[in-house]
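A short write-up of the structure that comes next.
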Amino acid sequence: MNDKLETILSNIPSPAYIIDKNILEHNLQILKTLQDDTGCRVLLAQKAFSCYPLYSWMGDFLYGTAASGLYEAKLGSEEMRKESHVFSAAFREDEIDEMMTYSDHFIFNSLNQLKKYGPKLKDNNKNVGIRVNPMYSTQKDHEIYDPCAVGSRLGVTKKIWDRDVDRSVINLLDGIHFHTLCEQDADDLEVTLNSVEEQFADLLALPNIKWINFGGGHHITRNGYKINILKKCIKYIQDKYNLIVYIEPGEAVALNAGYFVSRVLDIVENEIQIAVLDASAACHMPDVLEMPYTPPVYGAKKPDVLNYNYRLGGPTCLSGDIIGDYSFNKRLAENDLIIFEDMAIYTMVKNNTFNGIKLPSIYLMDEDKCSLIQNFGYDDFKCRLG
Ligand SMILES: *Cc1c(COP(=O)(O)O)cnc(C)c1O
């Protein structure tokens with residue numbers, strides 16, 4: 001962010017998400033280069049970022065989309081028109097037929113579902129995979145994002161695999177999937193891959209297994225990410241098992257590629273100074289509360305670094321609708337612009353109209369020009385309630 005960008009954003013009505021196409025392109029180019037250098041295939045995990053008006057352009061850089069169910073599968077296949085992979089914690093019987101019209105790769109979360117749907121999918125020439133869970137945890141900060149946490153429902157563990165597997169299901173498989181990372185570097189992938197290999201080497205080596213998907217959570221586009229280790233992991237699996245390697249990052253695709261523009265509605269005081277914004281943590285950036293984390297604000301620093309401390313809070317009635325504590329170099333006043341950074345991911349896909357709060361508009365910034373992609377109003381609130 002810089003002052004010029006601030007001037008551009010100061011003309012946007014708030015609340016609004018602004019997608020920065022230049023930064024998105026920078027990220028996409030890194031991912032495309034990874035594909036070109038290694039022969040791996042990169043899918044967009046739509047869960048993090050689903051701005052479909054850009055899908056057709058993004059498809060020039062990526063191999064396809066990854067979905068978590070029917071609607072994402074449909075969106076990815078209709079808007080990007082490239083490979084469409086779907087993993088679901090549990091597929092629904094009444095959706096499988098329609099999904100087959102959108103997706104080419106189906107990844108199951110259990111041997112039971114693989115047995116139930118696998119034969120039909122194979123009859124329809126679909127690729128079938130199983131998600132395994134190495135139960136090898138490499139993160140401790142965010143337990144709700146750790147699929148290897150005790151009692152996890154995501155992926156078949158080695159213990160259950162050995163107990164329940166039989167030849168008929170093994171023969172259905174074309175690929176293996178694991179997803180255990182969240183905002184992590186490639187050394188965590190490396191040790192995870194070792195663990196997967198240690199437990200599931202027999203499976204990797206089967207002649208019918210053609211691909212492996214390393215999931216998401218790779219922070220590839222972050223400065224300093226150890227991309228050479230990622231490349232080494234990809235090459236190792238390609239060479240040793242002759243498999244196609246997929247990865248399906250969400251965050252890394254749109255990391256830092258968006259801003260969230262809000263304004264100060266009022267300043268209230270209760271031992272501390274609190275700015276009430278037209279932006280809500282609960283409605284517009286729920287990860288702030290779920291993860292939790294404090295998002296970067298342009299021009300602001302941690303409390304006590306600059307002269308004026310403020311807590312930033314949302315306009316809802318929820319006491320906990322607090323975005324975070326910051327310090328600024330000047331007193332805040334009504335209508336002041338507050339710009340949150342790194343707001344393209346896990347925001348638009350997660351927002352809601354709790355408390356009747358307006359959904360932020362969505363803008364696209366291309367070079368220095370901002371254009372409105374979508375605006376929302378009262379009907380978007382009302383239509384889901386009756
Ligand atoms: C969430 C998720 C992703 C994307 O994760 P990021 O952290 O956004 O890269 C990929 N695959 C699966 C199965 C997921 O659940």
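The values are calculated or read from the model by the stated rules, or taken from the named source; none is laboratory data. Nothing here was measured: the structure is a model prediction, and the numbers come from that model. Cβ atoms come from the backbone with ideal geometry, glycine included; neighbour counts cover every protein chain shown. The accessibility values were calculated without ligands, DNA or RNA, using every heavy atom of the protein model including side chains. Shrake-Rupley method; radii C 1.70, N 1.55, O 1.52, S 1.80 Å.
Structure above, values below:
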{"read-out": "Overall form of region 39-254 per C-alpha gyration tensor (a/c, 1.5; a/b vs b/c)", "value": "rounded"}
{"read-out": "Percent antiparallel among DSSP beta bridges (both partners in the chain, rounded to 5)", "value": "45 percent"}
{"read-out": "Solvent-accessible area, 1.4 Å probe, carbon plus sulfur percent, for the chain", "value": "48 percent"}
{"read-out": "Separation of the Arg331 and Ser10 label points, Cα + 7 Å toward Cβ, nm", "value": "2.0 nm"}
{"read-out": "Cα radius of gyration and Dmax for the chain (Å)", "value": "22.3, 69"}
{"read-out": "Heavy atoms of Glu198: accessible area, 1.4 Å probe, square angstrom to 10", "value": "150 Å²"}
{"read-out": "Heavy atoms of Asp174: accessible area, 1.4 Å probe, square angstrom to 10", "value": "10 Å²"}
{"read-out": "Cα-based shape type of region 20-79, given that a ≥ b ≥ c are square roots of the gyration tensor eigenvalues and the cut on a/c is 1.5", "value": "oblate"}
{"read-out": "In Å², nearest 10: area of Thr7 left accessible to a 1.4 Å probe", "value": "90 Å²"}
{"read-out": "Arg153, Arg41, Arg311, Arg167, ranked by accessible area, largest first (probe 1.4 Å)", "value": "Arg153, Arg167, Arg311, Arg41"}
{"read-out": "Packing rank of 115-125, 96-106, where each peptide gets the mean count of other beta carbons within 10 Å, highest leading", "value": "96-106, 115-125"}
